[in-house]
Each structure stands twice: as structure tokens, then as C-alpha cells.
Amino acid sequence: MAQDPMDRRLRRKNVMVLIIVILFICLVGVAAFFYYTMDRQTVGDPKALEKVEPVKQLKNEYDVVVVGTDPEGVAAAVSASRNGLKTLLVDGHDRDILGGLMTLGWLNSLDHNYDNEKNSLFPGSKPEILNKGIFTEWYDQVEGDSFDVVTAANAFYKLVKNEKNIDLYLRAGAIEPIMADNAGTKRVVGVTVTKTDGAKQAITAKSVIDATQDADVAAAAGVPFTIGREDIGDKAARMAVTLVFRLKNVTPDVWNQIKKRLKDDGDPGTDANELSAWGYGEMQKYPPENKERVKMRGLNIGRQNDNSILINALQIFGIDGLDPKSRAEAFEIGKKELPYVVAHMKKLYPEFANVELEGTAPELYVRETRHMVGEYRLSMVDVMENRDQWDRIGFGSYSVDIQRISPTDSGAVMSHPVKYAIPFRSIVPQKVDGLLVVGRSASFDTLPHGSARVIPVGMATAEAAGAASKLAIDSGISFRELSASKDKVAALQAQLNKQGMELEPSKVKPQPYMSQKGYEGLKTLVSMGLVVGGYDNAGFDTTPVSNPQRMANLMSGVKRIHKLTGDPNAALAGITDPAKASLTLEQAALTMARAVGLNVTAGQAVQELQTKGYLKKETVDGIEDKSKLINGDAYMMIRDLVNKVKQL
């Protein structure tokens, strides 16, 4: 049958459209390739460390003082400068280069925030990076996900050196806030800098940004904080610190052997590329010489340009990151242990036969100390629900990674979020004006801090702080007033978008566990760190059948956090195998009753808990099978008890 001429024309048109689309995709691919490679360093191309030239004389007044030369400090100073503010970037450590944790702590592998909502343009490539702006500007100058620390330091300095509005001052002896009191409101109005010659100089400023790792300026100014895991009942507990170490003689052949082992491993948690390697899980079984203070994790390896590698794996416990003596002790412990670690690596893995320990990082990798109390405190529920915020200044998506707190602890991945927003209010401290706090010590609860503490998020908060300084100064308002104004925050977001950030509202679809009946109880347990989702969030499923042992374990955690006086494990008496038995309503109630010190029988526990307000009738009525409770039923019961305890 003859083909209709119209059909032929339509078919030709469709073919032309398809060819145009294919050509467009190819052009975009080529453009993307050149964009990401034209300035990026290559592996094996070592560069000389550029000498940093700080100013010799400080002015008596600046628009903005940024304290700290970690990545967040650089981003804050550059942002302020580009907004036309005369800026002082000052550091109180014994540093000659910029980049802090990344260049002196040798933490040279990035924990990226990827936009898990967007599909990648090309199959198999990585998702789009969140929080672009100044972070991306720096990232485009280094080798990739892992980088040479010299390349990184030079890239940070290039950002600062190119800004005519920045005065850089290093090696200050001390940096102390200058305070003013206006009708009972404390305000930071500058800093006193102890200069390299020992003289002190008072410097006034219209705003101060604390970009130190531990929010030292904010603490000295009287900003409220929690320490470590204080907000979940254990002030003394905090994640292990790490001393990053360097191995030399890692030739391209050795690196290829590392890549082959990890790619052939078959474990989805191990892999390698030209820059990074992660795996070697057997190192977790390393028998430490100092069993009470040291443990190894799997190896996180970042390649350098001089045939060396940096390894983040040695965890050291019982260190107070705020105490210089304790930090010095960590160095001593780590340096004594590392020869044994390297010998063990050589014994297990032939590819390391000829490597040698070349040294340790000049600075310690401290994961947590202070957690500021700001106008808004990022919560675990914010992260597990992927919440947007009206005053968003950046986004997080990195897994909530809680490292070990002791040699007997296994650590946890609390959840893997899709995308959650960081609010501007989380960098505005309570009780003190004239100050913003950026980086890992911003206003995050200890658990979500496990995700929000990563460098790309910190640089996003810092970039926002620099831009907010300009807006607050020009508007004649405080940061607190700015944080409460939707119009001003919208103006801040517009400015940040102009600077390369992407701060459009985010609407992540509700996760499956959020629609389950026991979700309200789950939120209570997760917020205390007693239920863990894991990398796939499977642990948040509330539908599996529970058991008496699990109930007792959960209530033991509640006891620790809320200082209960009873013993929930006493409720297990007489049960042969509590981990395999079904959890009944009476057994769950008895476990709760024992935890709060009620001396009742199993038959009396439900009624007694209801009478005393520890258990709501509607919670009991909502349990479908009272002879076989699911996890969600137990979570809802525990939620009632926790809410009552908080009122006492």
C-alpha cells in the first residue's frame, strides 16, 4: 500500500527532531566535560605550595570580622567581600595556609551533598551537587572528590587573594569578642586580637562571623550551647576523633592494585576510582595495642600527587576536643599506635608491602564539641522527613553518620535523607546579637549534626552569613530581626541565588514510613537515637513484630536519657527466650512500669500506667493485636511515657 506523503513528512520531521536532540545532548556533554576539567588539577601533577601573604597592619574598624580560616571562614569572608564589605579574615591557630581541617587536618575526601531529587543527565554519572556557589568555585580547582592538600590550600588562598576587600591575618595569639550591652541585650561589636608581636588591638566591626570549628568566639560571648550528646542525655559522650596519616611509596601500580581489590570485593560498601578508595573492612578487626582508647574502621583513602595517600580510619576515644591537653594526648596515642596499624595492613594486604608511614596530620580531626542553641535547632525529624524551611540557606543530603563513641560502640547511620533544608535561623545564636555561627558548631542537635557537619553544608551557611551581613548593615537591623522577617530573608535568598546558590523551595515526597500508624512514636525514638534507619532507612519500618527483649532494650535507652530510677530488664524475669517471644500489651506495660519504678504485676501495669498518665487510653485502644505488638505499637507506648516524663 502506498505511503501517505503526509506520513513521510511527519516521519522526516521526527527524525530531524531526534537528530537535533541527540546533537544537543552531545554538545551539553562536551561542554560539561570541558567545564569540569579545564581548571581541574590532574592526579600525579604535584604543585608547589603558594606562600600565603597576610597583612602586617590591622585596621581599627571593619564592616565584618570573620574568625577562622577553615573552609567556612574562607567562604564567609569571600561572600562578605563580594557584597562590598571591608572584611577581616583572622585566625588564632598556628597556621601558614588556609583550609584548616581539609588542608591541615588532611581530611582530603569530601562527604558530598548530592541532589537525590534530580535525575542525572547521563546514565551512570553522579547526581547534581547541592550547595554550589563558593563551594563549587573552590571544588572546580581541585582534583575531585579526593584532592591533594596542596592543591586545596592554593585554591582556598586564590579565592581570598583575589578579593581586594579582605585583609588576611594569621597566627593571632588570641581572638576575644568585644561586648556591648544595650538594654539587657548582649551584642558583639568587634574583637580584640592578640597580634604576633604580643600586642593587643581592639577592632570594631558591624558584624562578626564565628567560623572556628568549635565556635570559640560565640562561647566566649555567652552564647548557649550543648556539649557532645548532652541533648540526648550524655554530656560526656561525643564521636571519636581521628588522626589522619600518610603512607608513601603508593605508586600508580600500587594504586591500581588497590582499585582492583576494592572493585573485585563484591561489597557494595567498597569501591575506588582514580582519586578515592573506600573499603578494607577487615581493618575493623585490627587488634589495637591501646585497646581502651583506639579502634580502626574501614579505610577511607584519598590519593595525593606525590605517590602518597592519606587515610582517615584511626579512631581515638575519650578526647575532649575543647581541651588542648586532651588533644595533645590524642596525637601521642595515635602516633604510638600507627606503626602497628601499618604493620597489620602489610600483613593482610600484599599491595601495601612496600609502603611506609610518612607522618600524621598537623591538626586533629575532631568531629563534635559544642552545638550552639540558635533561633532554630535542626532536629532529627527535620532530616528524616526531608523538611524544607522557609528561610533555607542551603541543603543537606549526606547520610546521618554517627561515628563510634567508645571501642565497644559500633556507630550508626541514623538515616539517609533525600534532601533537607538548613534554615538561616540555625546560624543565629540566642541571647547574643551581632554574631553568626557557621560550620559544624551551628544550631544542630547532635544526631542531625552527623549529616549537617559536612564541609559543603558548612560553606553554604558561611556564604549566607557573608551576604546576610551586608543585608543587616544596609537595613539597620540585627541578625535576629533579619531571621524573623520573611521579606528580608527572601532578599537574602535572592542574593545567594545571584551568587550561584540554588535555593528554590524543595518538596520531597513523604517517605513510606511516614504513613505508618506508629510513625509518631517512631519520631520520639529516633530523636533519642534509639532507632536507626540505616543507609536505606529500612530500620524505620514500624510494622515488624516486636519482642520483650527489644522493648527492654528501648526502655533501657529511655532510662539512660531521662534518668529513670527503675530497671526495665526486671520485666524479663521468667521469660525463657525474650528475643524470640511475642511482645504482649501486658509485657510491654510491665517493662515501662519497671522502668519508672512502679511495683505492679503484669496484669496491673496497663491500668496503673494510664492512671498515672504514662500511657494514654487511645494508644492502648489503637493496638490491633494485643497479644503480638508490632514495633509501632511499642513506639507509641514509649512516646506516651516520654511525654509524661518530660512534664515531671
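Considering only Tyr635, Val418, Ile166, and ranking their Cα positions along the charge dipole of the chain that arises from unit charges at the beta-carbon of Lys, Arg, Asp and Glu, the one farthest toward the positive end is Tyr635. Magnitude of the charge dipole for the chain, about its Cα centre and with charges confined to Cβ atoms of Lys, Arg (+1) and Asp, Glu (-1), is about 600 debye. Computed from backbone phi with θ = phi - 60° and the Karplus coefficients 6.51, -1.76 and 1.60, the 3J(HN,Hα) list for segment 513-521 is 5, 6, 9, 7, 4, x, 4, 4, x Hz; x is used for glycine and proline.
Think of the chain as having a plus end and a minus end, set by charges on the Cβ of Lys, Arg, Asp and Glu; of Ala76, Ala468, Thr151, Ala468 sits farthest toward the positive end of this dipole. Here the Kirkwood formula, the inverse mean of 1/r across different C-alpha pairs, assigns segment 512-647 a hydrodynamic radius of 14.6 Å. A prolate overall shape is assigned to segment 342-457, the ratio a/c of its alpha-carbon gyration tensor axes (a ≥ b ≥ c) being 1.5 or greater and a/b exceeding b/c.
Report note on the peptides 439-445, 476-482: ranked by the mean count of other C-beta atoms within 10 Å, highest first, their order is 439-445, 476-482.
Beta-bridge orientation, the chain: approximately 70 percent antiparallel, per DSSP, counting only bridges with both partners inside. Dipole of segment 512-647 computed with +1 at Lys/Arg Cβ and -1 at Asp/Glu Cβ about the Cα centre; of Ser515, Gln549, Ile561, farthest Cα towards the positive end is Ile561. Less than 10 Å Cβ to Cβ from Asp94, Lys/Arg counted +1 and Asp/Glu -1: what total charge do the surrounding residues give? In short, -1. Across segment 363-376, computed HN-Hα scalar couplings (Karplus, 6.51 cos²θ - 1.76 cosθ + 1.60, θ = phi - 60°) run 10, 7, 8, 9, 7, 7, 9, 8, 10, 4, 9, x, 5, 9 Hz from first to last residue, x flagging Gly and Pro. Put simply, when 83-91, 500-508 are sorted by average Cβ atoms within 10 angstrom per residue, most first, you get 83-91, 500-508. Mean residue ellipticity at 222 nm, helices only, the chain: -11000 deg cm²/dmol; runs of at least 4 DSSP H residues each add -39,500 (n - 2.57), and the sum is divided by the number of residues. Averaged over residues, the count of other Cβ atoms within 10 Å places the peptides 297-305, 46-54 in the sequence 297-305, 46-54, highest first. Taking a Cβ cut-off of under 13 Å around Glu520, the surrounding Lys, Arg, Asp and Glu residues balance to a net charge of 0, with basic ones at +1 and acidic ones at -1. Across all directions, the shadow cast by the convex hull of the chain built on its C-alpha atoms averages 38.0 square nanometres.
Which shape class applies to segment 241-360: rounded if a/c is under 1.5, otherwise prolate when a/b exceeds b/c and oblate if not, where a ≥ b ≥ c are the square roots of the Cα gyration tensor eigenvalues? Here segment 241-360 falls in the prolate category. Taking the Cβ of Asp265 as the centre, find all other residues whose Cβ is under 15 Å away and add up their charges (Lys, Arg: +1; Asp, Glu: -1). Combined, the nearby Lys, Arg, Asp and Glu give -1.
Bear in mind that the values in this text are calculations on the coordinates, not laboratory data. Remember, it's a predicted structure, so these values are computed and weren't measured experimentally. So basically every Cβ, Gly included, is an ideal-geometry build from the backbone, and we count neighbours across all protein chains shown.
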